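Chemist: Handing you a structure now.
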Amino acid sequence: MNGIFRSSLFAAVIALPNLAQADPWAIVASGFTDDTQGDVRDAIYSIDIGKNGSPKVYGPFLQGELGESSNDIFDVAVLPNHTEALVTLFGASRVLRINISNPKKPVVTGAVDLTYDTVDENGDPVTYGLFAEDIAVSPDGSLAIVSDGGFSPYLAFIDLKEFKLKSIQLLQVDDPASPGDKISIYANACAIASDNKTVLLADYYNSSVSYGKLQWSKDSLYDIKSLFLCDQVDPADATICLGTQSAPVNIAISPNGKTAIVASASATLDPAGASTPAGGLVNVLQITSPGVVVAGKSFILDGLPVNDNLNAGGPGGNQSVAFGSNTWAYVLTQPSYDDVNSQVRKNRLAKLKITAPGKGKVVNSNLAPLASEGTSQLFGVDTLDVGASNRYILTSNPTQSGGTNILTLIDQNANKLTGVPLRADAIPVGVAFK
């Protein structure tokens with residue numbers, strides 16, 4: 001597991017088509033706590049947020065249609081047509097297409113398996129494959145990319161017009177320790193910028209974010225490079241961090257495509273203690289042009305969550321980031337285990353302000369307490385989302401380990417926090433508005 005709990009989940013967003021003034025809806029992907037009852041399986045729930053944030057839950061839906069394995073659903077992405085969503089089935093290595101035009105009656109309409117037959121340089125047959133965890137859809141609705149989330153150097157490309165697998169790419173970059181050589185990199189989370197060209201990948205195991213541009217054929221990336229998430233790189237060895245080093249698990253890109261925020265599961269603190277963060281951290285990056293990413297002017301934002309006198313276990317971590325606009329972003333933060341009182345503490349919602357491309361600050365490290373308590377993370381799965389007009393925020397569980405059946409809904413206009421319970425045995429993870 002490598003410190004990351006790999007459990008089921010999936011999230012999506014949804015809106016009633018052609019009803020621009022309707023109250024917002026959300027789609028939630030859920031696993032479950034046990035299977036002693038015959039109908040208890042992975043499921044989708046839809047939530048009508050209602051007038052003034054009075055939510056109503058519908059579901060569970062599609063039980064028995066979401067794969068044969070329990071707790072296998074991971075991520076969800078809604079297509080720009082607002083009538084379809086994609087969900088990943090991790091162990092099945094499959095992506096499903098679901099018609100969500102009626103949020104009270106979602107219907108599975110297609111499937112793509114993530115295996116790709118090709119030949120190597122000698123002409124011998126090779127089959128590439130990967131588990132399906134995180135999924136990102138291009139803003140123009142033409143493409144979806146899927147990352148594995150584990151020890152896999154592959155990235156899958158799906159043509160959404162024909163809904164078929166175009167290719168699976170082996171991801172490689174220049175070896176900083178050996179000029180001229182290539183090394184494979186991992187894709188533990190993926191994101192596509194608003195230019196429909198720039199792709200960012202979180203590489204948890206190498207503490208880096210890789211980035212590149214889509215080929216015109218939209219079946220691979222080129223000019224791939226990696227940015228080490230370290231604020232002080234050893235000048236004699238580019239693979240060694242002399243300062244604070246991050247372990248990325250998720251990426252969010254601002255609507256204008258200029259700022260990216262990277263959620264970090266943990267931080268390897270500055271060994272000299274000179275720049276040790278005040279708590280957990282996120283990294284802020286700037287997208288300067290298509291396929292070009294640099295460390296942001298605010299490369300590290302720490303205090304997410306803040307260490308306190310109960311937090312003897314370390315700085316804690318973060319699992320999801322969501323932008324409410326180009327100016328505001330939110331982070332699901334996770335205080336570490338309370339060693340003093342031997343208990344897990346509630347997750348928190350933090351609020352960031354983006355003051356310029358690649359530059360931001362922490363406005364509130366504890367905007368709201370959340371129902372969830374998980375201290376581990378799922379790779380790339382969005383367990384936090386912000387609705388239109390930056391009003392509603394919905395959060396679930398950053399992991400299924402110790403998960404709760406209660407979602408947390410925040411109405412910023414009314415300064416109101418509401419718990420939204422699903423069925424008692426549900427463990428919701430992925431969430432999204434549309």
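The values are calculated or read from the model by the stated rules, or taken from the named source; none is laboratory data. Predicted, not measured: the structure shown is a model, and the values here were computed from it. Here Cβ is always computed from backbone atoms with ideal geometry, including for glycine, and neighbour counts include all displayed protein chains. Just the protein is used for accessible areas: all its heavy atoms, side chains included, with ligands, DNA and RNA removed. Shrake-Rupley method; radii C 1.70, N 1.55, O 1.52, S 1.80 Å.
Chemist: Could you tell me whether Ala187 is open to solvent by less than 50 Å² (accessible area, probe 1.4 Å), of a type in the set (A, V, I, L, M, F, W, C) and in a strand (DSSP E or B)? Explain how you work it out, then say what you get.
Modeler: Numbers: open to solvent by less than 50 Å² (accessible area, probe 1.4 Å): yes; of a type in the set (A, V, I, L, M, F, W, C): yes; in a strand (DSSP E or B): no.
Here the answer is no, as Ala187 does not meet what is asked.
Chemist: Does Asp223 qualify as being open to solvent by 30 Å² or more (accessible area, probe 1.4 Å) and assigned to a loop (DSSP other than H, G, I, E, B)?
Modeler: For Asp223, the condition - open to solvent by 30 Å² or more (accessible area, probe 1.4 Å) and assigned to a loop (DSSP other than H, G, I, E, B) - is not met.
Chemist: Could you please let me know if Tyr205 is of a type in the set (Phe, Trp, Tyr), within 23 Å of Leu86 (Cα to Cα), open to solvent by 50 Å² or more (accessible area, probe 1.4 Å) and in contact (Cβ under 8 Å) with a residue 12 or more places away in the chain? Walk me through how you get there before you give the answer.
Modeler: Numbers: of a type in the set (Phe, Trp, Tyr): yes; within 23 Å of Leu86 (Cα to Cα): no; open to solvent by 50 Å² or more (accessible area, probe 1.4 Å): yes; in contact (Cβ under 8 Å) with a residue 12 or more places away in the chain: yes.
Considered against the rule, which asks whether it is of a type in the set (Phe, Trp, Tyr), within 23 Å of Leu86 (Cα to Cα), open to solvent by 50 Å² or more (accessible area, probe 1.4 Å) and in contact (Cβ under 8 Å) with a residue 12 or more places away in the chain, Tyr205 comes out as no.
Chemist: Could you look through segment 238-260, keep only residues that are among the aliphatic types (A, V, I, L, M) and over 19 Å from Ser325 (Cβ atoms), and pick out the one that is modelled with the lowest pLDDT?
Modeler: Residues of segment 238-260 among the aliphatic types (A, V, I, L, M): 238, 240, 242, 247, 249, 251-253, 260.
The next check asks that each one be over 19 Å from Ser325 (Cβ atoms); those that pass are 238, 240, 242, 247, 249.
Values: Ala238: 82, Ile240: 87, Leu242: 86, Ala247: 91, Val249: 95.
So, considering only residues that are among the aliphatic types (A, V, I, L, M) and over 19 Å from Ser325 (Cβ atoms), the one modelled with the lowest pLDDT is Ala238.
Chemist: Continuing with this model, one more query. Identify, from the list Ser93, Ser69, the residue that is modelled with pLDDT under 80, among the hydroxyl-bearing types (Ser, Thr, Tyr) and under 25 Å from Ser152 (Cβ atoms).
Modeler: Details: Ser93 fails: modelled with pLDDT under 80.
The conditions single out Ser69.
Chemist: Let me ask something else about it. Being outside any loop (DSSP other than H, G, I, E, B) and of a type in the set (S, T, N, Q) is the filter here; which residues of segment 373-403 pass it? Give the steps one after another, and end with the answer.
Modeler: Filtering segment 373-403 down to residues outside any loop (DSSP other than H, G, I, E, B) leaves 384-386, 388-390, 392-395.
Listed by number, the residues that qualify are Ser389, Asn390, Thr395.
Chemist: In addition: Test of understanding: among Thr418, Thr408, which residue is surrounded by 20 or more Cβ atoms within 10 Å (Cβ to Cβ) and closer than 19 Å to Val57 by Cβ? Please lay out each step first, then the result.
Modeler: Details: Thr418 fails: surrounded by 20 or more Cβ atoms within 10 Å (Cβ to Cβ).
Being surrounded by 20 or more Cβ atoms within 10 Å (Cβ to Cβ) and closer than 19 Å to Val57 by Cβ holds for just one of Thr418, Thr408, which is Thr408.
Chemist: May I ask you to list the residues in segment 391-405 that are open to solvent by less than 30 Å² (accessible area, probe 1.4 Å), more than 20 Å from Ala202 (Cβ to Cβ) and among the small types (Gly, Ala, Ser)?
Modeler: Gly403
Chemist: Scan segment 220-237 and give yes if some residue there is within 16 Å of Val293 (Cα to Cα) and under 16 Å from the mean Cα position of the chain (by Cα), otherwise no.
Modeler: Here is the first cut: in segment 220-237, the ones within 16 Å of Val293 (Cα to Cα) are 221-231.
Pick out the ones that are also under 16 Å from the mean Cα position of the chain (by Cα) and you get none.
No, segment 220-237 has no match at all.
Chemist: Give the number of residues within segment 39-73 that are within 20 Å of Asp425 (Cβ to Cβ), open to solvent by less than 40 Å² (accessible area, probe 1.4 Å) and among the acidic types (Asp, Glu).
Modeler: The qualifying residues number 2.
Chemist: Got at least one residue in segment 244-260 being in contact with a strand residue (DSSP E or B) (Cβ under 7 Å, 6 or more places away or on another chain), part of a strand (DSSP E or B) and basic (Lys, Arg)?
Modeler: We begin by selecting, within segment 244-260, every residue in contact with a strand residue (DSSP E or B) (Cβ under 7 Å, 6 or more places away or on another chain); these are 244-255, 257-260.
Imposing the further condition that a residue be part of a strand (DSSP E or B) reduces the set to 245-253, 259-260.
If we keep only those that are basic (Lys, Arg) as well, we get none.
No, every residue in segment 244-260 fails to be in contact with a strand residue (DSSP E or B) (Cβ under 7 Å, 6 or more places away or on another chain), part of a strand (DSSP E or B) and basic (Lys, Arg).
Chemist: Still on this model: Considering only segment 161-181, state which residues are in a loop (DSSP other than H, G, I, E, B) and either of a type in the set (Phe, Trp, Tyr) or open to solvent by 20 Å² or more (accessible area, probe 1.4 Å) (or both). Write out each step before concluding.
Modeler: Filtering segment 161-181 for residues in a loop (DSSP other than H, G, I, E, B) gives 161-163, 171, 175-181.
Lys161, Glu162, Phe163, Asp175, Pro176, Ala177, Ser178, Pro179, Gly180, Asp181 - these are the residues of segment 161-181 that are in a loop (DSSP other than H, G, I, E, B) and either of a type in the set (Phe, Trp, Tyr) or open to solvent by 20 Å² or more (accessible area, probe 1.4 Å) (or both).
Chemist: Go through the residues of segment 332-343 one by one and say whether even a single one is in contact with a Pro (Cβ under 8 Å, 6 or more places away or on another chain) and assigned to a loop (DSSP other than H, G, I, E, B). Don't jump to the end; show me each part of the working.
Modeler: Kept after step one, since they are in contact with a Pro (Cβ under 8 Å, 6 or more places away or on another chain), are these residues of segment 332-343: 332-336.
Of the ones still in play, those that are also assigned to a loop (DSSP other than H, G, I, E, B) are 335-336.
Yes, that holds for at least one residue.
Chemist: On the basis of being touching a Phe, Trp or Tyr at 6+ places or on another chain (Cβ under 9 Å) and either open to solvent by 10 Å² or more (accessible area, probe 1.4 Å) or farther than 24 Å from Ala295 by Cβ (or both), does Ala388 make the cut?
Modeler: Values: touching a Phe, Trp or Tyr at 6+ places or on another chain (Cβ under 9 Å): yes; either open to solvent by 10 Å² or more (accessible area, probe 1.4 Å) or farther than 24 Å from Ala295 by Cβ (or both): yes.
Here the answer is yes, as Ala388 does meet what is asked.
Chemist: Identify all residues within segment 416-434 that are out of contact with any Phe, Trp or Tyr (no Cβ under 6 Å at 6 or more places or on another chain) and not in a strand (DSSP E or B); write none if there are none.
Modeler: Of everything in segment 416-434, those that are out of contact with any Phe, Trp or Tyr (no Cβ under 6 Å at 6 or more places or on another chain) and not in a strand (DSSP E or B) turn out to be Arg423, Ala424, Lys434.
Yes/no per residue for (1) under 24 Å from Phe433 (Cα atoms); (2) buried (at least 22 other Cβ atoms within 10 Å of the Cβ); (3) modelled with pLDDT of 95 or more:
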{"residue": "Asn318", "(1), (2), (3)": "yes, yes, no"}
{"residue": "Tyr330", "(1), (2), (3)": "yes, yes, yes"}
{"residue": "Asp339", "(1), (2), (3)": "no, no, no"}
{"residue": "Val344", "(1), (2), (3)": "no, no, no"}
{"residue": "Lys351", "(1), (2), (3)": "yes, no, yes"}
{"residue": "Ile354", "(1), (2), (3)": "yes, yes, yes"}
{"residue": "Glu373", "(1), (2), (3)": "yes, no, no"}
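Chemist: Using the structure shown, decide if Val76 is surrounded by fewer than 19 Cβ atoms within 10 Å (Cβ to Cβ) and hydrophobic (A, V, I, L, M, F, W, C).
Modeler: no
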